[in-house]
1. Applying the Karplus parametrisation 6.51 cos²θ - 1.76 cosθ + 1.60 with θ = phi - 60° to the phi angles of the stretch 115-126, what ³J(HN,Hα) value in whole Hz is obtained for each residue in order, glycine and proline being reported as x?
2. Per-residue HN-Hα couplings for the stretch 67-83, Karplus 6.51 cos²θ - 1.76 cosθ + 1.60 at θ = phi - 60°, whole Hz, x for Gly and Pro?
3. Using the alpha carbons of the stretch 255-297, what is the convex hull volume per residue in cubic angstrom, as a whole number?
4. Hey, fewest Cβ within 10 Å first, where do 308, 339, 299, 350 land in order?
5. When you take every Cα atom in the stretch 95-201, what is the radius of gyration, and what is Dmax, the widest Cα pair distance, in Å?
6. What per residue convex hull volume, in Å³, do the alpha-carbon atoms of the stretch 143-207 yield?
7. Using 7 Å Cα-to-Cβ label points, what is the residue 318/residue 190 separation (nm, one decimal)?
8. In square nanometres, what is one fourth of the surface area of the convex hull spanned by the alpha carbons of the stretch 265-342?
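No lab work stands behind these numbers, since they all come straight from the coordinates. Keep in mind that this is a model prediction, so the values were computed, not measured. When we count neighbours, we look across all protein chains shown, and the Cβ atoms used for this are built from the backbone with ideal geometry, even at glycine.
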Amino acid sequence: MHSKTNFLLIISSLILAGCGVETATPNTTLPEFVTATLPPTATPFATHTPLPPTAAPTTAPITGRTTTEVNLRQGTSTASPSLGTIPAFSNILITGKDASGLWVQVTFNGSTGWVRADYVLADDATAEIPVLGAEAVNGFGFRGVVLRGVNIRSGPGTNFDSLGLLNQNDVVPVTGRDSSGGWFQVEYQDGTGWIAAEFLQVENVEAIPVVNADPQVSEPSEVTPQAEVSSPLQITQLDHDSQNAPLAVFTLGENIGKVLFHGDVSAPAGDTEDWLGFSGNSKEAVIQILCSTGSPHVELIKPDKTLEILLSECNTTNTIPLVPGQAYLLKISTSLSSEFTHTKYQIKLESVFP
């Protein structure tokens with residue numbers, strides 16, 4: 001009986017084990033939902049490949065031509081070294097302009113430089129000439145436009161020596177100002193010089209740094225100069241101007257009714273003549289000739305190409321009729337002589353309105 005009972009128990013155990021029935025249920029509370037989580041897999045980051053630098057936008061050069069013989073300048077002023085002359089009606093490529101629009105950058109025969117914008121015509125009058133920033137033009141962040149012909153001085157005052165001349169519509173780099181605000185320091189040739197503030201139009205004046213320079217009391221800019229002692233061997237530097245490419249061009253009007261130009265010539269060596277151009281919208285103009293050394297010879301060339309010899313003794317005044325809007329030329333030279341002569345002069349132009 002016991003062996004039969006034991007046999008039945010063994011058979012029952014084997015059946016239960018084969019069916020995988022658990023004899024005890026663990027007391028564990030399972031979550032309502034079970035989210036399967038995959039083992040973390042390292043995701044490789046995209047390798048950063050530097051993009052090539054974005055090319056600066058370029059504008060194709062604009063074809064054009066000169067309207068007269070003109071100097072190709074290294075910079076945007078008539079005091080800047082000349083790279084040569086471009087003949088009248090020459091084909092050029094216009095590559096840019098300064099912010100004032102008074103000068104354009106051109107390429108001619110493989111040389112790139114600056115010429116006055118009013119001596120250039122673009123073949124496509126509607127083409128937009130790109131503006132070059134001040135840094136691209138001259139390496140400085142500030143610039144000034146010369147309002148009329150003026151001496152550039154070695155210091156901030158009329159008592160300082162003149163280093164040369166700047167002319168109306170020259171655009172020059174401004175590197176500083178004096179503490180009085182009456183003078184600006186500008187880049188000139190291989191150094192710096194000073195221009196009276198009344199002759200220079202400058203933007204953002206307050207941002208221009210003050211340069212340590214003691215200003216001197218200045219006399220009014222438009223006065224008859226006192227006699228100066230000049231060396232008899234003072235040979236003037238060639239400025240390469242001509243009848244077709246004047247040294248300076250002035251436009252007289254109600255806003256600028258008076259200009260004063262300082263210059264000098266010497267002969268038989270040096271620069272023997274200066275050419276000045278002017279026009280106006282009045283019916284008459286007064287030409288006053290002032291000199292500190294020598295006595296210049298002054299000729300007036302009218303729009304119809306006729307020539308008039310002006311009274312050119314020191315401190316003489318000539319009144320001439322004007323055709324409004326027409327171009328006039330002044331030729332200033334030394335008196336003919338076999339001996340060396342040096343003439344330092346000033347030409348004062350003034351509109352006469354009724």
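1. 9, 5, 5, 6, 9, 10, 10, 7, 4, 9, 5, 8
2. In residue order, the calculated couplings are 9, 7, 5, 8, 6, 8, 9, 5, x, 9, 7, 6, 7, 6, x, 7, 8 Hz.
3. 95
4. 339, 308, 299, 350
5. Rg and Dmax of the stretch 95-201, Cα atoms, are 15.2, 49 Å.
6. Working: hull volume 4.8 nm³, N = 65.
In the stretch 143-207, the Cα convex hull volume per residue is 74 Å³.
7. Result: 3.9 nm between the two label points.
8. Numbers: hull surface 20.6 nm².
Answer in nm², one decimal: 5.1.
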